[in-house]
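Below is one structure, written out as structure tokens; the observations come after it.
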Amino acid sequence: MSNHYDVLVVGGGISGTALFYELARYTDIERIALLEKYPACATLNSKGTSNSQTIHCGDIETNYTFEKAKSVKKSADMIVKYALMHGYENKFMFAHQKMVIGVGEVESAGIRERFEKFKELYTGLEIFEKDRIKRIEPMVVQAANGGDRKEEIVAMGVVGGEYTTVDFEQMSNSLVKHAKEESKTTDIFFDAWVDEIKKDGERYLVKTRDGRKFSANYVVVNAGAHSLYLAHNMGHGLNFSCLPIAGSFYMSKKHLLNGKVYTVQNPKLPFAAIHGDPDILADGLTRFGPTALVLPKLERYRGNSTVVDFIKTLRLDTNVAKVLLGLFGDSDIRDYVIRNFAYEVPIVNKILFVEAARKIVPSLGNDDVYYARNFGGVRPQVIDKKGRELMLGEASINTGEGIVFNMTPSPGATSCLANGFRDARRACEFLDRKFNEDRFNAELVD
């Protein structure tokens with residue numbers, strides 16, 4: 001078969017293109033291909049309008065434990081090192097100030113406690129009292145009446161000099177560009193919607209909807225929520241179910257924040273707390289969000305073509321039902337779900353969202369923002385049916401048979417190079433090839 005490869009990557013988002021690049025640059029694997037279902041890379045969740053464009057390194061994400069923060073920081077540093085190595089600073093990677101604010105006595109005490117523990121990991125991290133916050137982010141302190149907000153407020157963060165923001169769509173295209181510069185076969189096929197993967201002896205046969213056929217000795221599926229769909233079709237990962245969560249955003253009409261401002265995560269909620277980010281595709285205007293809406297489809301803004309795929313991937317049974325009932329049985333989570341559904345209802349949506357966003361900008365008015373249409377994506381939150389729990393973070397199904405399925409909800413973009421490192425080494429081990437760890441560490445780690 002002419003379309004035979006050593007490794008075939010399914011999915012051209014930031015995770016798939018990162019692996020494609022790392023296979024090309026750091027291994028002695030000779031024939032590599034990338035299949036992308038749409039006419040270009042990163043048109044879904046990696047698109048600049050689909051995510052908050054954030055390098056999540058764990059310093060202002062209060063839902064990260066210290067151990068997770070250490071791991072995520074290493075992954076985040078790889079993003080920065082890659083961009084600096086190829087000269088992409090101020091092209092698709094930018095530096096902004098950032099902070100997480102604690103509002104009220106309880107949250108403020110939590111921020112102070114967290115700072116004392118995390119400052120050893122993040123040497124640039126500082127604690128900001130109200131007066132300092134007022135100088136750094138005036139709108140965070142200014143009340144609706146023009147004075148200062150009355151409640152206690154404290155923040156921790158970093159002022160300047162640290163890269164915080166990336167257009168992951170542009171980064172995806174750069175990864176493909178540099179992969180193709182390596183002296184080996186690095187083919188990419190667009191409009192290649194994978195319809196079927198079958199094991200055929202020591203290799204895998206892959207067929208697309210338009211009838212094209214490929215084969216490979218090793219396959220990695222980085223297709224978002226469709227990774228689990230394809231795994232189920234092959235009989236893998238049947239103990240997992242998928243709950244797609246759609247995130248929406250609201251865009252400001254004027255300059256409100258100078259950098260990223262996050263809020264404290266409710267530990268009961270498995271979804272991101274609201275934050276404000278400078279949108280690098282909108283001249284730095286603030287984008288507020290994300291909301292979190294359970295959506296019965298695997299892709300957003302693509303019509304209803306993936307509703308059936310969602311039903312198949314959900315694999316509803318008593319275990320899934322118990323997880324969902326457990327989530328909605330908690331009053332905090334139930335209220336959160338209802339409120340986020342209301343954020344999508346015309347007329348009332350903006351009023352309700354602005355009320356919530358005033359935790360960040362107390363003087364925010366209904367006319368200061370608008371619902372950002374066609375912004376946001378779908379994150380595949382994986383349900384462990386055996387453990388009867390919603391899995392937070394990334395999930396991966398390594399069959400040990402030469403095929404891997406990755407589901408990468410937020411912060412999957414930040415982890416793209418670290419996950420690519422893991423999967424490239426797995427491929428080398430399976431195929432008895434070499435991974436150049438010295439080169440990898442020199443360029444992306446040390």
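The values are calculated or read from the model by the stated rules, or taken from the named source; none is laboratory data. Note that the structure is predicted; figures quoted are calculated from it, not measured. No Cβ is skipped: glycine too gets one built from the backbone with ideal geometry, and neighbour counts run over all protein chains shown.
Going by what's in this entry, would Ile280 be described as among the hydrophobic types (A, V, I, L, M, F, W, C) and either surrounded by 21 or more Cβ atoms within 10 Å (Cβ to Cβ) or touching a Pro at 6+ places or on another chain (Cβ under 9 Å) (or both)? The answer is no for Ile280.
Between Leu23, Leu44, Leu34, Leu19, the distinction of being modelled with pLDDT of 95 or more and within 18 Å of Pro380 (Cβ to Cβ) belongs to Leu19 only. The set of residues from the range 300-329 being assigned to a loop (DSSP other than H, G, I, E, B), modelled with pLDDT under 90 and either loosely packed, with under 13 Cβ neighbours inside 10 Å or touching a helix residue (DSSP H, G or I) at 6+ places or on another chain (Cβ under 8 Å) (or both) comprises Gly303, Ser305. Restricting to the range 344-370, give me the number of residues that are at pLDDT below 90 and under 23 Å from Val100 (Cβ atoms). Matching residues across the range 344-370 total 0.
Within the range 239-262, being at pLDDT 95 or above and aliphatic (A, V, I, L, M) holds for Met251, Leu256, Leu257, Val261.
Within the range 398-446, which residues are assigned to a helix (DSSP H, G or I) and of a type in the set (Val, Ile, Thr)? Give the derivation first.
First, the residues of the range 398-446 that are assigned to a helix (DSSP H, G or I): 416-431, 437-445.
Scanning the range 398-446 gives a single hit, Val445.
Of all the listed residues (Ile60, Ile79, Ile55), the sole one being touching a Cys at 6+ places or on another chain (Cβ under 9 Å) and either on the phi > 0 side of the Ramachandran plot or in contact (Cβ under 8 Å) with a residue 12 or more places away in the chain (or both) is Ile79.
Applying the selection to the range 289-299, what residues are closer than 20 Å to Gly412 by Cα and either touching a Cys at 6+ places or on another chain (Cβ under 7 Å) or modelled with pLDDT of 90 or more (or both)?
Passing the criteria: Gly289, Pro290, Thr291, Lys297, Leu298, Glu299.
With a requirement of 3 or more residues that are more than 16 Å from Ala179 (Cα to Cα), the strands (runs of 3 or more DSSP E) lying completely within the range 1-108 that satisfy it span 93-95, 98-103.
Based on what the data block shows, is Phe375 more than 30 Å from Gly259 (Cβ to Cβ), in contact (Cβ under 8 Å) with a residue 40 or more places away in the chain and surrounded by 15 or more Cβ atoms within 10 Å (Cβ to Cβ)?
Working: more than 30 Å from Gly259 (Cβ to Cβ): no; in contact (Cβ under 8 Å) with a residue 40 or more places away in the chain: yes; surrounded by 15 or more Cβ atoms within 10 Å (Cβ to Cβ): yes.
No; evaluated as a whole, the condition is false for this residue.
For the range 330-350, what are the residues that are assigned to a helix (DSSP H, G or I) and surrounded by 12 or more Cβ atoms within 10 Å (Cβ to Cβ)?
Taking the range 330-350 first, the residues assigned to a helix (DSSP H, G or I) are 331-342, 348-350.
Scanning the range 330-350 gives Ile333, Arg334, Tyr336, Val337, Arg339, Asn340, Phe341, Ala342, Asn349, Lys350.
Scanning the range 352-370 for residues that are in contact with a helix residue (DSSP H, G or I) (Cβ under 6 Å, 6 or more places away or on another chain) and either assigned to a helix (DSSP H, G or I) or surrounded by fewer than 20 Cβ atoms within 10 Å (Cβ to Cβ) (or both) gives Leu352, Val354, Asn366.
Residue by residue, here is whether (1) of a type in the set (Gly, Ala, Ser); (2) surrounded by 21 or more Cβ atoms within 10 Å (Cβ to Cβ) holds:
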{"position": "Lys213", "(1), (2)": "no, no"}
{"position": "Tyr218", "(1), (2)": "no, yes"}
{"position": "Leu230", "(1), (2)": "no, yes"}
{"position": "Phe240", "(1), (2)": "no, yes"}
{"position": "Met251", "(1), (2)": "no, no"}
{"position": "Gly259", "(1), (2)": "yes, yes"}
{"position": "Thr263", "(1), (2)": "no, yes"}
{"position": "Asn266", "(1), (2)": "no, no"}
